[in-house]
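Participant: First, the structure itself, so that you have it in front of you.
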Amino acid sequence: MSDPAGKKLAEADLLALVDDKVVVAEAKSTDELDTGNQNKAARKRVLLAETFGAEEIILATTKEGWKEASISAMRTAVKDHVWKAMPRPRIREVFGLGTGEVKDRYIDAD
């Protein structure tokens with residue numbers, strides 16, 4: 001996703017339609033959004049969710065879970081954003097990608 005001048009604003013690893021619901025996903029082999037600025041990375045996921053009308057933001061990793069700082073940043077970004085045209089999306093953590101036991105859980109933004 002770019003601004004009118006062509007500057008990249010955000011990117012999604014996955015944009016999908018699941019059970020008639022749009023979801024945006026970040027998939028990583030690490031357990032954190034961005035070591036440099038997790039809050040900015042989380043806000044980018046929120047921008048994508050609002051732009052595409054996503055009902056769910058997925059954080060997926062090959063690790064055993066996401067670091068709490070990344071979860072907290074995502075929770076804060078979703079909670080603090082003013083959702084004008086749509087309800088606040090759910091946050092879903094998916095972990096263990098590529099293993100025999102993939103797990104997931106929903107994260108409360110409150």
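Participant: I'm told Lys40 meets every condition in (1) more than 24 Å from Glu101 (Cβ to Cβ); (2) in contact with a helix residue (DSSP H, G or I) (Cβ under 8 Å, 6 or more places away or on another chain); (3) not β-branched (Val, Ile, Thr) except one. Can you identify the failing condition by its number?
Facilitator: Failing condition for Lys40: (2).
Participant: What about Ala16, is it of a type in the set (A, V, I, L, M), modelled with pLDDT of 95 or more and either within 18 Å of Ala109 (Cβ to Cβ) or loosely packed, with under 13 Cβ neighbours inside 10 Å (or both)? Talk me through it step by step, then tell me what you get.
Facilitator: Details: of a type in the set (A, V, I, L, M): yes; modelled with pLDDT of 95 or more: yes; either within 18 Å of Ala109 (Cβ to Cβ) or loosely packed, with under 13 Cβ neighbours inside 10 Å (or both): no.
Criteria not met by Ala16.
Participant: Residue by residue through region 1-25, note down the ones that are assigned to a loop (DSSP other than H, G, I, E, B) and either among the hydrophobic types (A, V, I, L, M, F, W, C) or farther than 17 Å from Glu55 by Cβ (or both).
Facilitator: Across region 1-25, the qualifying residues are Met1, Asp3, Pro4, Ala5, Gly6, Lys7, Leu9, Ala10, Glu11, Ala12, Asp13.
Participant: Same structure, new question: If you take the residues in region 56-68 that are farther than 14 Å from Leu14 by Cα and in contact with a strand residue (DSSP E or B) (Cβ under 7 Å, 6 or more places away or on another chain), which one is surrounded by the fewest Cβ atoms within 10 Å (Cβ to Cβ)?
Facilitator: Residue satisfying both the conditions and the ranking: Glu64.
Participant: Just checking, does region 42-63 include any residue being touching a Ser or Thr at 6+ places or on another chain (Cβ under 9 Å), modelled with pLDDT of 95 or more, over 21 Å from Asp110 (Cβ atoms) and not β-branched (Val, Ile, Thr)?
Facilitator: Checked region 42-63: at least one residue is touching a Ser or Thr at 6+ places or on another chain (Cβ under 9 Å), modelled with pLDDT of 95 or more, over 21 Å from Asp110 (Cβ atoms) and not β-branched (Val, Ile, Thr).
Participant: Moving on to the next point. For region 86-104, give me the residue count where each residue is farther than 18 Å from Ser29 by Cα and either out of contact with any helix residue (DSSP H, G or I) (no Cβ under 8 Å at 6 or more places or on another chain) or polar (S, T, N, Q) (or both).
Facilitator: Initially, region 86-104 is screened for residues farther than 18 Å from Ser29 by Cα, giving 86-91.
Checking the rest, the ones that are also either out of contact with any helix residue (DSSP H, G or I) (no Cβ under 8 Å at 6 or more places or on another chain) or polar (S, T, N, Q) (or both) come to 87, 90.
Of the residues in region 86-104, 2 are farther than 18 Å from Ser29 by Cα and either out of contact with any helix residue (DSSP H, G or I) (no Cβ under 8 Å at 6 or more places or on another chain) or polar (S, T, N, Q) (or both).
Participant: Quick one: count up the residues across region 76-87 that are within 14 Å of the chain's Cα centre (by Cα) and either in contact (Cβ under 8 Å) with a residue 60 or more places away in the chain or surrounded by fewer than 17 Cβ atoms within 10 Å (Cβ to Cβ) (or both). Let's see the steps before the verdict.
Facilitator: To start, the set of residues in region 76-87 that are within 14 Å of the chain's Cα centre (by Cα) comprises 76-79, 81.
Then drop every residue that is not either in contact (Cβ under 8 Å) with a residue 60 or more places away in the chain or surrounded by fewer than 17 Cβ atoms within 10 Å (Cβ to Cβ) (or both), which leaves 76, 79.
The qualifying residues number 2.
Participant: Which ones in region 26-47 are surrounded by fewer than 21 Cβ atoms within 10 Å (Cβ to Cβ), of a type in the set (A, V, I, L, M, F, W, C) and either part of a helix (DSSP H, G or I) or without any contact (Cβ under 8 Å) to a residue 40 or more places away in the chain (or both)?
Facilitator: Scanning region 26-47 gives Ala41, Leu47.
The values are calculated or read from the model by the stated rules, or taken from the named source; none is laboratory data. Predicted model, so just to flag it, every value in this text is computed and none were measured. Cβ atoms come from the backbone with ideal geometry, glycine included; neighbour counts cover every protein chain shown.
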